[in-house]
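> Before I ask anything, let me first share the structure, which is written out below as structure tokens.
What follows draws every value from the coordinates through simple rules; no lab data is involved. Here the structure is a predicted model, which means the values were calculated and not measured. All Cβ positions, even for glycine, are placed from backbone atoms using ideal geometry, and neighbour counts span all protein chains on display.
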Amino acid sequence: MSRMEYLLSTAGNLPTFLMVDTPGQNIGRRGRKDDESALSDSVLYDNIFKQFLRLVSKAKGEKRRFQIIVVDNDLPPVLEKGGD
């Protein structure tokens, strides 16, 4: 994501394309209802998608085109709520 953010603000020879396969596979997707710490699985999973949304905002601000493909079976809570 850092490389994508850089390419959105600086011209480069790399494609502005990012594909992520199952981002929650190793960190988990849904945490316990009583666990709201910043290191809980669900918070980390949401933060990944918040970073994707931040890239969308940056691309719009820079008037740049890019593509993110996320392969996943679940919709994270941050997208269920409509993002921030």
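> Obtain the nm distance between the two label points defined at residue 73 and residue 6 by a simple spin-label model: each point lies 7 Å from its Cα along the Cα-to-C-beta direction.
Here the answer is 3.5 nm between the modelled labels.
> Now for a different question. With r as the distance between the Cβ atoms of residue 80 and residue 13 and R0 = 41 Å, compute the FRET efficiency 1/(1 + (r/R0)^6) and round to 0.05.
E(calc), rounded to 0.05, equals 0.65.
> Something else: Hey, with R₀ at 41 Å, roughly what FRET efficiency would residue 65 and residue 41 work out to, going by the Cβ-Cβ distance, to 0.05?
0.80
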